[in-house]
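The values are calculated or read from the model by the stated rules, or taken from the named source; none is laboratory data. These numbers come from a predicted model, not from an experiment. Cβ atoms come from the backbone with ideal geometry, glycine included; neighbour counts cover every protein chain shown.
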Amino acid sequence: MNQPAKRCRFSTITSSSTLNEFLPSMRTTNMERATLKIEIPFTDHAHCIGRQGNQIQSIMSATDTHIHFPDGNREPNGTKSNQVSITGTVSSIEEARKRIREILPMSLKFLIPPTELINIINDDYPLFKNVRTRFGVIVLPRPYAKTGDVYCIVRGLINQPGLAEATEYLIQAFYGFEAPLIKVTCQTEVSEQYHVYLQTRQQSKDMCIAAIEQYTHTTIQFPTMINSNLSQDNTNNYGRRTSVIISGSPTQVCQARKLFDLCLPVILNFEIPIDKEPTRAQTAHIKDKLNVTTTVRTRKDKIGKLVTVQSQEYNCDQLFRARAIILGLSESNNNHILPINANGLFDLNQTSTFLSDLSFPTASSSLFLTSPSAATTTTNHITDSILIPIEPCYIPSTQHIDTVLVPMQVI
């Protein structure tokens with residue numbers, strides 16, 4: 001006697017039909033969302049999260065995004081990661097990225113002359129209390145037991161004008177007429193795998209470290225390869241292999257740190273239908289026009305494709321343009337994304353490009369990949385220079401904001 005096929009008690013004809021109707025809509029919803037991965041120094045993660053997570057929760061609520069910090073950073077001896085993931089719609093993740101950058105802390109450090117140490121007993125030194133009240137920054141003396149030196153740490157937000165001004169005020173109080181000769185240092189953390197990436201960005205479309213050093217008159221030092229023959233004292237005071245040191249005057253260091261953050265790599269991940277997968281010629285076209293690197297992978301469930309687009313953070317708006325091109329969206333979908341150069345910190349010397357000029361090449365126009373002459377006529381290359389507006393954190397009343405042209409060549 002034939003037995004009827006058993007059916008799962010959770011599966012009904014109604015639920016199955018509803019599920020079949022729900023899956024396509026769920027896939028469409030997922031493809032409307034994206035994940036942006038940015039580099040935030042792991043030493044600043046606790047500050048960004050805030051007490052009991054209040055600060056990052058407020059950003060997530062205001063932007064309707066989900067922001068994930070690496071779980072491994074909670075372990076004292078675990079491997080540290082700088083990568084922070086922001087998931088949401090394109091407009092919301094860009095807004096969340098900007099808000100996170102605005103709340104990042106920054107510390108400037110300089111050596112206190114030994115002749116002044118006799119006056120400094122604790123954190124309640126009158127000069128420090130006056131600077132805290134006047135400029136709204138944190139000022140702390142920090143002794144180093146190995147050398148016996150005492151350093152002054154001035155801490156504030158990265159966009160806080162009083163940070164550079166307070167540091168210059170303290171240096172003037174400690175050194176007097178020798179103040180212009182004193183340099184301060186700023187330490188930030190960059191994932192070790194990106195050190196070579198940052199030091200080799202020398203193309204005309206990239207923002208390069210050498211150009212920042214030349215413009216800001218600062219020195220940006222990456223940790224050298226530490227071998228067993230070098231002692232801790234011979235590693236330029238680098239406490240970690242991920243540490244990058246920026247040195248110069250307070251105003252110059254604040255400028256360089258802002259521009260350095262715009263050099264950091266940024267990754268955009270999103271899903272596309274299988275029929276939207278770009279060809280190699282199309283990805284090469286996007287790379288040439290927008291200066292982004294595109295990688296396409298197949299999902300494990302084979303529902304669609306995963307696309308990864310990578311560039312530097314100053315070029316973040318072009319990541320979203322690349323996504324719009326791949327998905328075939330109109331230009332109006334990206335009107336809410338403002339380029340970072342609107343902040344006045346960095347501007348590529350190029351003409352504005354619209355999505356109509358960035359559409360995929362057709363078969364008739366595919367000659368630009370094989371013919372050098374055709375490539376010169378269809379590609380709007382960026383000139384070998386960048387424009388960096390002068391916008392220091394502290395601007396003296398006699399200083400004028402201007403724009404200089406910095407050649408993208410290694411000195």
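Among (1) touching a strand residue (DSSP E or B) at 6+ places or on another chain (Cβ under 9 Å); (2) surrounded by fewer than 20 Cβ atoms within 10 Å (Cβ to Cβ), where does THR115 come up short?
Result: THR115 fails condition (1) only.
Would you mention how many residues in region 85-121 are touching a helix residue (DSSP H, G or I) at 6+ places or on another chain (Cβ under 7 Å), farther than 22 Å from THR218 by Cα and of a type in the set (A, V, I, L, M, F, W, C)?
Result for region 85-121: 5.
Going by the structure shown, is GLU95 within 14 Å of the chain's Cα centre (by Cα), in a helix (DSSP H, G or I) and of a type in the set (Asp, Glu)?
Yes.
Let me confirm something: among ILE153, ILE86, ILE118, which residue is under 25 Å from THR251 (Cβ atoms) and either modelled with pLDDT of 95 or more or not assigned by TED's automatic domain parsing to the domain that holds GLY50 (or both)?
Residue meeting the stated conditions: ILE153.
Let me confirm something: among GLU313, GLU271, which residue is outside the structural domain of LYS80 (by TED's automatic domain parsing) and either surrounded by fewer than 19 Cβ atoms within 10 Å (Cβ to Cβ) or touching a Cys at 6+ places or on another chain (Cβ under 9 Å) (or both)?
Just one listed residue meets the conditions, GLU313.
Can you tell which of LEU264, LEU268, LEU259 is touching an Asp or Glu at 6+ places or on another chain (Cβ under 8 Å) and at pLDDT 90 or above?
Going through LEU264, LEU268, LEU259 in turn, just one is touching an Asp or Glu at 6+ places or on another chain (Cβ under 8 Å) and at pLDDT 90 or above: LEU264.
Given the conditions (1) over 19 Å from the mean Cα position of the chain (by Cα); (2) assigned to a strand (DSSP E or B); (3) in contact (Cβ under 8 Å) with a residue 24 or more places away in the chain, and given that LEU140 satisfies all but one, which numbered condition is not satisfied?
Evaluating LEU140 over (1) over 19 Å from the mean Cα position of the chain (by Cα); (2) assigned to a strand (DSSP E or B); (3) in contact (Cβ under 8 Å) with a residue 24 or more places away in the chain leaves (3) as the failure.
So which of PHE128, PHE69 ends up being over 25 Å from the mean Cα position of the chain (by Cα), buried (at least 17 other Cβ atoms within 10 Å of the Cβ) and not basic (Lys, Arg)?
PHE128 is the lone residue from the list that is over 25 Å from the mean Cα position of the chain (by Cα), buried (at least 17 other Cβ atoms within 10 Å of the Cβ) and not basic (Lys, Arg).
Since PRO105 meets every condition but one in (1) more than 26 Å from HIS47 (Cα to Cα); (2) surrounded by fewer than 18 Cβ atoms within 10 Å (Cβ to Cβ), which condition does it not meet?
Unmet for PRO105, out of (1) more than 26 Å from HIS47 (Cα to Cα); (2) surrounded by fewer than 18 Cβ atoms within 10 Å (Cβ to Cβ): (1).
The rows are residues; the columns are (1) crowded, with 16+ Cβ neighbours inside 10 Å; (2) over 30 Å from ILE67 (Cβ atoms).
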| position | (1), (2) |
| --- | --- |
| ARG134 | no, yes |
| ALA145 | no, yes |
| LEU157 | yes, no |
| GLN160 | yes, no |
| ALA164 | yes, no |
| ILE171 | yes, yes |
| GLN193 | no, no |
| CYS208 | yes, no |
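Taking the residues in region 263-311 that are under 13 Å from LEU327 (Cβ atoms) and of a type in the set (S, T, N, Q) as candidates, determine which candidate is nearest to the chain's Cα centre (by Cα).
Restricting to residues being under 13 Å from LEU327 (Cβ atoms) and of a type in the set (S, T, N, Q), the top hit is THR294.
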